[in-house]
1. Would you check which residues across segment B:74-119 are assigned to a loop (DSSP other than H, G, I, E, B) and more than 10 Å from chain C (Cβ to nearest Cβ) and list them?
2. Does A:PRO89 satisfy being in contact with a Lys or Arg (Cβ under 9 Å, 6 or more places away or on another chain), within 30 Å of A:GLY497 (Cα to Cα), assigned by TED's automatic domain parsing to the domain that holds A:PRO254 and not aliphatic (A, V, I, L, M)?
3. Does A:VAL597 satisfy being modelled with pLDDT of 95 or more, in a helix (DSSP H, G or I) and within 31 Å of the chain's Cα centre (by Cα)?
4. Restricting attention to segment C:48-76, which residues are surrounded by fewer than 24 Cβ atoms within 10 Å (Cβ to Cβ) and at the interface with chain A (Cβ under 7 Å from one of its Cβ atoms)?
5. When you scan segment B:238-258, do you find a residue that is aromatic (Phe, Trp, Tyr), more than 30 Å from B:VAL16 (Cα to Cα) and part of a loop (DSSP other than H, G, I, E, B), even just one?
6. Which one is surrounded by the fewest Cβ atoms within 10 Å (Cβ to Cβ) among residues in segment A:23-36 that are more than 10 Å from chain C (Cβ to nearest Cβ) and of a type outside the set (A, V, I, L, M)?
7. What pairs come out if I take residues in segment B:179-201 that are touching a residue at least 60 places away in the same chain (Cβ under 8 Å) and pair them with residues that are among the basic types (Lys, Arg) and not in a strand (DSSP E or B) whose C-beta lies under 8 Å away, six or more apart or interchain?
Amino acid sequence: MTAIIGAGIDRVDAALKVTGSANYPNDVAYPGLAHAALVRATVAAGRIRAIDTSAAEAAPGVLTVITHLTAPRLDRGPMTLLGPSPPAPIQDDRILHHGQHVAIVVADSPERARHAASLVRVEYETVKALLDLDDPRAEVTANPWNLDTDRGDVAAGFAAADVVVEGTYTTPDNTNNPLGLMSTVAIWHGDSLTVHDSTQWPHNVRTSLAKIFKVPESGIRVLAPYVGGGFGAGLRMWPHVILTVLAAREVGRPVKLVLTRPEMFTSVGHRPHSVMRFKLGATRDGRLMAIDADGVSPVAMEDDDYEPVSLCAATAYGCSHVRTRDRQVRLNIPCPGSMRAPAEGQGNFGLESAVDELAHALGMDPLELRLRNFAQADPESGLPWSSNALRECYRLGAERFGWSRRTPQPGSMREGRWLIGYGMAAVSYPAYQVPCQARASLHRDGSAFVRSAATDIGTGTYTVMTQLAAESLGLDVSRVRFDLGDSDMPYSPQAGGSGLTGALGNAVHLACRRLVGDVLDLVRDDANSPLRGMKLDDVTVDQGRVHRVGIPEQGEAYSDILARHGVEELSADGRSIPPRSEDLGMAVAGAFGAKFVEVRVDPDLGLLRVARVVSAIDGGRVLNEKTATSQIVGGTVGGISQAMFEDTATDRETGRIANATFGDYLIPVNADIPDIDVIFVGEPDPATPIGTKGVGEVGLVGLAAAIANAVHHATGRRIRTLPITIDQLML
Amino acid sequence: MRPFEYVRAVDAGQAVALVSADPDTSYLAGGTTQLDLMKDGVLRPARLVDVTRLPLSGVTSTGSAIRVGATTTMEELAADPVVIERLPFIREALLLGASTQLRNLATIGGNLLQRARCRYFRDPAVEACNKRDPGSGCAAITGFARMHAILGTSDHCIALHASDVAVPLVALDSVVHVQGVDGPRGIPLTEFYRPPGDTPHIENVLRHGELITAVEVPLLPEGARSHYLKVRDRVSYEFALTSAGAALVIQDGLITSARVALGGVGTLPWRSWEAERVLRDAPATRETFRAAADAALEGARTLPGTAFKVDLAKRTLVRTLETIAGARA
Amino acid sequence: MEVTLNVNGSAHPLRLDARVTLLDALRDHLGLTGAKKGCDQGACGACTVLLDGRRVVACLTLAAQCEEREVTTIEALSEEGTPHPVQAAFARHDAFQCGYCTPGQIMSAVALLAEGRAGSEEEIREFMSGNLCRCGAYPNIRKAIRDVAEEG
């Protein structure tokens, strides 16, 4: 391996981003661009009795107003890797949630469109909305993902336990809120269509629009070279995209829709609230005998979401007797969707708080309790892990943090008026990978162009794929361009589930290897080539050259080979297939992590400050220390935010979100965030050639529990409800 | 946003005449409240008269007071040497409000006239808001009330006055100078705001068209110590859950002069004469401070979402007073 | 209405709806899309630009109010391809991820340095708190600013 991989090189897109030149979907302009604005329902359940668009249509500059009365019938989008598509919008008069789109207005300026939208008058016939998980009228689905776990004999496990703890933990709705307002620009040219969209998955937008608008996929191009963050909000193709495309067809002009911040709370998913119960039993010496977990979350009336919040209990620890149960309740709410570490983000708070409670009940150091219950093999399959450095995470994280300085008694550490608390939590993040494709081209000058229709939502995809391609082709990174964000490029899955780097990285690696193979094919019978007749395994690549392994003199430059053979460009495709545990005889592992947090609590004013965080992460092979660290730091900030700030509040009577602005929905500001220490441990994972495990979500998970556990250590108060706020901490 | 006409005022007289003559015409200063509420569709003026170019900016000292021009920005006032030297809790309150980007726009006159942050007031999708639509009811009372008031509320409105700097200003008996069609007048800040009562849409005693031209702020006496403490969920860039601004003169352990006001709890910047009475001529001890805090919060009316604020406001005031007393020692 | 905006050293006569904010004038009418719209409510700082050298949120400023004032945007920061020291430091310290808040952060940081408020970690934290970053790049943003402040 050359030093290209792992090195913390600056992002290849840094120059564009620091100069404001990176082109996000809402930066796009076209001649004749028209602007759209949405009208949203102001009730949560019922029907539209009447909708009066006359004032809006008469307003200056208005080009069209489309409602369920005038919209064409549209099919629901296709089944996707992530489940069904959202239902098509404005198809009938039914209202299923507050904020539901009921009309789209298009005008010649954004100011005129927005004002005209405010002139649309809607009368509703309302019914009492289902807004509460406990509402007896609500439809409840047991085991909605068929992932409930039954392992061993939970009753026997508890019977054999000396100590049992049980707690109910609740997490609120959180809203993804990427800083970039999600935007769509749609342009029809006859039956073909170009769409700029804030998506994490351009191919899904293409496939969905093709089905909905009944045009061939080949005529649709979706572009997302830069996206202003996603955190899951861009995984699905949401109804506002359909409305924009429809509007553009209607007015025969390019149309741009930029969601407002309040619309971001009701249009593009959110992390649903959860109520979870965790019961743990252990022997006096800290051996986990049984885990019983259940969780419930809401979902929209006619849509789907994946949130098995109790499932994390199944594989986190080496415990023989485990039962997990999940339920989902249909409510009149905007559809929840994946938000950075879906299900894990909620479940881990409950599980790792419960483990801390167990440690306290046992009088045992919480680190020691976790070490004693380390899962030597995958608890479900019994297979050895493809890699698992969780114990190194514990050890190195604790060392860096100074965990040994912790005095066990709650309230025993203080500095002036500040109570100090040390808390920790563990994370075992599930592995996820799906097929992906990439294409690598070598130009006559020996430089390379590699691409795939993936997205870089801030994760560093541009950069790490440039590095990987450079390594695989033996080129300097300056001689490689990696491009993405265009559905005309080879197929890529979504940037989500911490799975893209692995899927795409392996595809890029394969494409590059094939390309080198194709170069060797060129010289197979070339008497002038020192590489004549060689196979891929016989050669290595370095500094723009291919040479015999171990004999640098026996080789030649790509540029020489291509020139001699009159080849202008050589291209090869790579397709990665996810590794399967049963083929490998190893359980394919995701990332692991140990989080250590120091908090300070002013018990008089209820102030809580995170003073220090150490995150020790086994993410497999680290492709770029700088961007991988940023992923963990960013996840950590998201975790602090979940722990202390985020709480989407829904009015109990109306189903309206009561804090749908950045002034009211709190996320941390600079002053809330301490410096964050990140340590990478572990080795490249052997399950795939590139050895990564994905670090997009493991950074977030565990912070909420670690902070709550630290708060307990500081104050003796156990907080089982997020977020942890001043009113809970005034002692 | 409804279409409107933009007029840049050439002098104060013209501005006053324009706005006074038309109920649909409003002033525009820093714009940080006005434009925000216009975008939300809560304010719908047909014409805006921009007063930011009028010669109303700057701070002048008269020896016993400063006169702050109405369009002086929050950042400019915070940087004023007399404020730094003689009115430090005003500077503290200013710099704990909003962000630098907003403080560079927001003016002192506009700050005093800032509207409620209440999300029920600011969202026209909510039908029941007596402040926006008199007689329609108050959705906040049965909604999420954490950021709402507990002092000066009525059954018709619990919206908070969220200004930070108004807290020390009201503690100091500042005077608001205004110009109207009938000429200028001065209004003590303690009499400037109106509690919601059954007319929450009327927030102050200004007549339509009266223009704030300056705020006169008496200086603290020599030997006084002041402090502004703001308690909130985030460390920065957030409105107060509770805050307290106080100034004390302490001689030989005895409080000889006290000025106290609270933020984050009142429907208006909350001057606490009750706390001042307890403090005056009492020993500067924790017991006195606690008694003052109890007196300040007497009469608080809470909802489930705001119940914690009574205790928090008391603790905030006690901490503020202790900090002042400690700084002196 | 007719509005002439002085942006990055040149005068731009424009015909605008009075409702157009400075942010939308820059983005939609002048093609300067560096300043970003993250909330349009003055709550995120992504639209931070300099107005007569002072940082402001362009989303809560009417374009009409900016006549005869000098507007400076991220587009004017680097001179002839040479990045401003703050831009270089942001790149070096990986002080962004998605990059959307970055122009606002950088304009705010440039102003912060000019205000003399980059003297300590605490000062930087407090006076950079008007710029939200959802990716969580805050620690690296501070490192970048500290670096520039120490270089002088």
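1. As a first pass, look at segment B:74-119 and keep what is assigned to a loop (DSSP other than H, G, I, E, B): B:79-80, B:87, B:96-99, B:104-106, B:113-119.
B:ASP80, B:LEU87, B:GLY97, B:LEU113, B:GLN114, B:ARG115, B:ALA116, B:ARG117, B:CYS118, B:ARG119, listed by residue number.
2. Numbers: in contact with a Lys or Arg (Cβ under 9 Å, 6 or more places away or on another chain): no; within 30 Å of A:GLY497 (Cα to Cα): yes; assigned by TED's automatic domain parsing to the domain that holds A:PRO254: yes; not aliphatic (A, V, I, L, M): yes.
Criteria not met by A:PRO89.
3. Working: modelled with pLDDT of 95 or more: yes; in a helix (DSSP H, G or I): no; within 31 Å of the chain's Cα centre (by Cα): yes.
No: the conditions fail for A:VAL597.
4. Result: C:GLU75, single match.
5. If we filter segment B:238-258 for residues that are aromatic (Phe, Trp, Tyr), which is where we start, we get B:239.
Subset that is more than 30 Å from B:VAL16 (Cα to Cα): B:239.
Narrowing further to those that are part of a loop (DSSP other than H, G, I, E, B): B:239.
Yes: one or more hits.
6. Taking segment A:23-36 and keeping what is more than 10 Å from chain C (Cβ to nearest Cβ), we get A:25, A:30-32, A:34, A:36.
Checking the rest, the ones that are also of a type outside the set (A, V, I, L, M) come to A:25, A:30-32.
Numbers: A:PRO25: 27, A:TYR30: 14, A:PRO31: 6, A:GLY32: 11.
Selected residue: A:PRO31.
7. Listed pairs, sorted by first residue: B:GLY180/B:ARG207; B:PRO196/B:LYS131; B:PRO200/B:LYS131; B:HIS201/B:LYS131; B:HIS201/B:ARG132.
Let's see how each residue does on (1) within 14 Å of another protein chain (Cβ to nearest Cβ); (2) in a strand (DSSP E or B); (3) touching a residue at least 60 places away in the same chain (Cβ under 8 Å):
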position: A:ALA3; (1), (2), (3): no, no, no
position: A:SER21; (1), (2), (3): yes, no, no
position: A:LEU38; (1), (2), (3): yes, yes, yes
position: A:ALA44; (1), (2), (3): yes, no, yes
position: A:ARG47; (1), (2), (3): no, yes, yes
position: A:VAL65; (1), (2), (3): no, yes, no
position: A:ARG73; (1), (2), (3): no, no, no
position: A:PRO86; (1), (2), (3): no, no, yes
position: A:HIS97; (1), (2), (3): yes, no, yes
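The values are calculated or read from the model by the stated rules, or taken from the named source; none is laboratory data. In this text, all values refer to a predicted model and were calculated from it rather than measured experimentally. Cβ atoms come from the backbone with ideal geometry, glycine included; neighbour counts cover every protein chain shown.
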